[in-house]
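The values are calculated or read from the model by the stated rules, or taken from the named source; none is laboratory data. From a predicted model like this one, the values you see are computed outputs, not experimental measurements. In this analysis, Cβ positions are derived from the backbone assuming ideal geometry, glycine residues included, and neighbour counts consider all displayed protein chains.
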Amino acid sequence: MITPHTPKPIRVTVPVSPEVLALFQRLSQVSGVSVGRSMGQWLDETREGLAPMIDIVEKSRTAPKTAIRSLQRYASTLQDISDDLFDKVKHMDKGEAAMAKAVSSASVVTQKLRKGGLTPPSSNTGGKGRETPNKSKGASK
């Protein structure tokens, strides 16, 4: 039997803050691997997010406003997915029926996010609309 050759990991020097080092030291102690291996595993597990970030940075050089909007949508999507996860965790102790309901509603939201169906309109400024039109102060009727 011939096994495929797996390339040996490449070692790099990465400057990090003392806070980041402390976090990875804690992670390595808990997981039972070296600091370098825990950093490498974390980077490997999060690499899927790297391609969208590269696209955003490339676009930002040619169209900064478009890149900012893309980054905001990306962050919003991540926030919504995180909220769904926390909602699932919150319902874990309430029984299988509540958990099933939370999972099904979260999967619907996640599917809509992937299709781009839950994006706000481009004119959304975050403020509330007025029920009555704004009356100008100096004009007469």
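Data table
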quantity	calculated
Among residues of region 51-70, those that are touching a helix residue (DSSP H, G or I) at 6+ places or on another chain (Cβ under 9 Å) and surrounded by 10 or more Cβ atoms within 10 Å (Cβ to Cβ), counted	12
Filter pass, Arg73 being assigned to a helix (DSSP H, G or I), surrounded by 12 or more Cβ atoms within 10 Å (Cβ to Cβ), on the phi < 0 side of the Ramachandran plot and among the charged types (D, E, K, R)	yes
Filter pass, Asp87 being surrounded by 12 or more Cβ atoms within 10 Å (Cβ to Cβ) and modelled with pLDDT of 80 or more	no
Search result, residues across region 42-70 that are among the polar types (S, T, N, Q) and not in a helix (DSSP H, G or I)	Thr46
Qualifying residue in region 23-33 (condition: at positive phi, among the small types (Gly, Ala, Ser) and loosely packed, with under 10 Cβ neighbours inside 10 Å)	yes
